[in-house]
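Each remark here refers to the structure printed beneath this line.
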Amino acid sequence: MSKIQDALQKLQRGENAATQPTRPKRQGFPGEGGRTAVPVARKKKVEIEGEKFHIDQHALIKGGLLAPLDQAVPIADEFRKIKRPLLANARQEFSDAAEHMNVIMLASALPNAGKTFCSVNLAFSISLERELNVVLIDADVAKPHISRAFGLKEKPGLIDLLVDDQIDLSETLVRTDLNGVQVIPAGRGHAQATELLASDRMSEVVDEISTRYADRIVIVDSPPLLVTSEAQALATQVGQVVLVIEAGETAHQTVQQVLEVLDHQKAINFILNKSRRTASPDYYYGASYGYTNENEES
């Protein structure tokens, strides 16, 4: 059995590839008796100076990018399990896939799989690490959900960096008060977005953003792989790809179609999203994790 088939079967059975973490006490968001959704760790990382852009967390909850208060802790636990193998990969040096292993692209086959929800929550979870900073890039340039939800749609971003090489990376980085998560918005719309994302300039930007700080993890929110050509261009620029699979909706054949357009020399990862594992009929959560690397023996 191949690693891909094994990972998919684990996802379908709802198995996790990581050990169960200790659950923290339930807490709420700021404003709920002074509590926070997830305890903020004491950080020993590079501190980024500058004013923090305020993010309305309640608006993110309403918009479906953060979990409701009664689901915040169990979902935080799920993303703790998801991030551990990804961070382990980022620290490893595969012979042909070592470049930019700290740059992780989240994509789905088709829309509405919960990819952007996973991107935001994974970035937030990584921001809790004591030694790591995280940058969240809104690379879904045609439908910049993160930029809109974070109130950053009018700010310069990724496309501006690619169009004008006189713009410095620091001019597009927005440090937020969402536990210090830094965001690069999508920036302006552009008719040649695919070509820009596949360009040498994009390679330069990815190299700079991934190497400027040794403690940096980069999360790239991508368009769906089978809907746009931009996502396939992006996949060539990153070290790891995470496929968000919608439980009960994404067909095995569809996953295979996506795998056919990806470079199997890269680390390819899976998240099973929207599995019904909660008492609330109105909210889905749960993300099983699978991993495959075609360089390994089957």
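Mind checking which residues of segment 125-152 are crowded, with 23+ Cβ neighbours inside 10 Å, assigned to a helix (DSSP H, G or I) and not hydroxyl-bearing (Ser, Thr, Tyr)?
Listed by number, the residues that qualify are Ile126, Ile146.
Taking Thr172 as meeting all but one of (1) of a type in the set (Val, Ile, Thr); (2) open to solvent by 10 Å² or more (accessible area, probe 1.4 Å); (3) more than 16 Å from Gln237 (Cβ to Cβ); (4) in contact with a helix residue (DSSP H, G or I) (Cβ under 6 Å, 6 or more places away or on another chain), write down the number of the exception.
Every condition holds for Thr172 apart from (2).
Has segment 38-61 got any residue that is within 13 Å of Ile217 (Cα to Cα), assigned to a loop (DSSP other than H, G, I, E, B) and either at pLDDT 90 or above or open to solvent by less than 40 Å² (accessible area, probe 1.4 Å) (or both)?
yes
Kindly state which helices (runs of 4 or more DSSP H) lie completely within segment 185-251 and contain at least 3 residues that are under 14 Å from the mean Cα position of the chain (by Cα).
229-235
Which of the residues spanning segment 248-275 are among the small types (Gly, Ala, Ser) and touching a helix residue (DSSP H, G or I) at 6+ places or on another chain (Cβ under 6 Å)?
Result: Ala267, single match.
This table checks each residue for (1) at pLDDT 90 or above; (2) buried (at least 16 other Cβ atoms within 10 Å of the Cβ).
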residue	(1), (2)
Thr194	no, yes
Leu197	yes, yes
Asp200	yes, no
Val205	yes, yes
Arg212	no, no
Ile217	yes, yes
Ser222	yes, yes
Leu225	yes, yes
Ser229	no, no
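Which of the residues spanning segment 175-215 are β-branched (Val, Ile, Thr), touching a His at 6+ places or on another chain (Cβ under 9 Å) and closer than 16 Å to Val238 by Cβ?
Val206, Thr211
Given (1) over 20 Å from Ile217 (Cα atoms); (2) of a type outside the set (Asp, Glu); (3) at pLDDT 90 or above, where does Val261 come up short, assuming only one miss?
(3)
Does segment 153-164 hold any residues that are open to solvent by 20 Å² or more (accessible area, probe 1.4 Å) and more than 17 Å from Ser203 (Cβ to Cβ), and which are they?
Within segment 153-164, Lys153, Glu154, Lys155, Pro156 qualify.
Quickly run through segment 178-192 and pick out the residues that are in contact (Cβ under 8 Å) with a residue 24 or more places away in the chain and open to solvent by 60 Å² or more (accessible area, probe 1.4 Å).
Selection gives Arg188, Gly189, His190.
The values are calculated or read from the model by the stated rules, or taken from the named source; none is laboratory data. Since the model is a prediction, treat every value here as computed from it, not as a measurement. Every residue, glycine as well, gets a Cβ built from its backbone with ideal geometry; the counts of neighbours run over all protein chains shown. With ligands, DNA and RNA removed, areas are computed over all heavy atoms of the protein, side chains included. Shrake-Rupley method; radii C 1.70, N 1.55, O 1.52, S 1.80 Å.
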